[in-house]
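Engineer: This is the structure I have questions about; it appears just below.
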Amino acid sequence: QVQLVESGGGLVQPGGSLRLSCAASGSIFSINEMGWYRQAPGKQRELVAFATSGGTTSYANSVKGRFTISRDNAKNTVYLQMNSLKPEDTAVYYCKAVLPRSVSWGRGTQVTVSS
């Protein structure tokens, strides 16, 4: 089992930046992949970015060039640096860890982009 705790969300103006953090605890040695998803009101949860244990990263087209996912294995933490934020980035952001036979989710952190 892996426990995930997100932090770093908040209110930011359009064009601003935020950095989300996701701290993992538990059976962290078994994590294959970690990623960030988001869910806006009335919409389905969607992939934002993920990073594999081998260092491969992938991004949704809507955030390419603006968001960066990174992992600090020493701190068991994955980050999402979000720049040039837009109102359409407003959502609850969730951290996800993929293990060999299961998936763990965090509880989410709210990001609101508004003037």
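Engineer: Lys86: which aspartates and glutamates have alpha carbons under 16 Å from its alpha carbon, excluding same-chain residues fewer than 8 sequence positions away?
Structural biologist: none
Engineer: Could you work out the local net charge near Met82, counting Lys and Arg as +1, Asp and Glu as -1, over the other residues with Cβ closer than 9 Å to its Cβ?
Structural biologist: Combined, the nearby Lys, Arg, Asp and Glu give +1.
Engineer: Next question, about the same structure. What ranking of Glu46, Glu6 comes out by heavy-atom accessible area, probe 1.4 Å, highest first? List each step's numbers first, then the result.
Structural biologist: On the way: Glu46 80, Glu6 25 Å².
Descending accessible area places them as Glu46, Glu6.
Engineer: Would you calculate the convex hull of the Cα atoms in the stretch 24-115 and tell me its volume per residue in Å³?
Structural biologist: In the stretch 24-115, the Cα convex hull volume per residue is 108 Å³.
Engineer: In addition: Largest first, how would Ile28, Ile69 line up by accessible area (1.4 Å probe)?
Structural biologist: Largest to smallest exposure gives the sequence Ile28, Ile69.
Engineer: So which aspartates and glutamates pass the test for Lys96, namely a Cα distance under 14 Å, with those fewer than 8 places away in the same chain ruled out?
Structural biologist: Of all the aspartates and glutamates, those that pass the test against Lys96 - Cα under 14 Å, at least 8 places apart if same chain - are Glu6, Glu33, Glu46.
Engineer: Keeping the other protein chains in place, figure out the carbon and sulfur percent of the accessible area of the chain, with a 1.4 Å probe. Please list the in-between numbers first.
Structural biologist: Working: 2880 of 6200 Å².
About 46 percent, which is the carbon plus sulfur part of the accessible surface.
Engineer: Between Thr112 and Ser58, how many nm apart are label points set 7 Å from Cα along the C-beta direction?
Structural biologist: Distance between label points: 3.3 nm.
Engineer: Next question, about the same structure. Using a 1.4 Å probe, how large is the accessible area of Arg19, given in Å² and rounded to the nearest 10?
Structural biologist: Surface accessible to solvent at Arg19 totals approximately 130 Å².
Engineer: Averaged per residue, what accessible area in Å² does the stretch 1-79 show with a 1.4 Å probe, protein chains only?
Structural biologist: Working: 4380 Å² over 79 residues.
Each residue of the stretch 1-79 exposes 55 Å² on average to a 1.4 Å probe.
Engineer: Next question. Kindly write out, for the stretch 14-30 in residue order, the coupling ³J(HN,Hα) from the Karplus curve 6.51 cos²θ - 1.76 cosθ + 1.60 (θ = phi - 60°), rounded to whole Hz, with x marking Gly and Pro.
Structural biologist: Coupling constants for the stretch 14-30: x, x, x, 10, 9, 10, 8, 10, 9, 9, 9, 9, x, 7, 5, 5, 9 Hz.
Engineer: Got a sec? Which residues in the stretch 22-58 would a label at Gln1 touch, if it sits 7 Å along Cα→Cβ and we count backbone N under 17 Å?
Structural biologist: So the set is 24-31.
The values are calculated or read from the model by the stated rules, or taken from the named source; none is laboratory data. These figures come from a predicted structure and were not determined experimentally. As a convention, Cβ positions derive from the backbone with ideal geometry for all residues, glycine included, and neighbour counts pool all protein chains shown. Remember, those area values only see protein heavy atoms, side chains included, never the ligands or the DNA or RNA. Shrake-Rupley method; radii C 1.70, N 1.55, O 1.52, S 1.80 Å.
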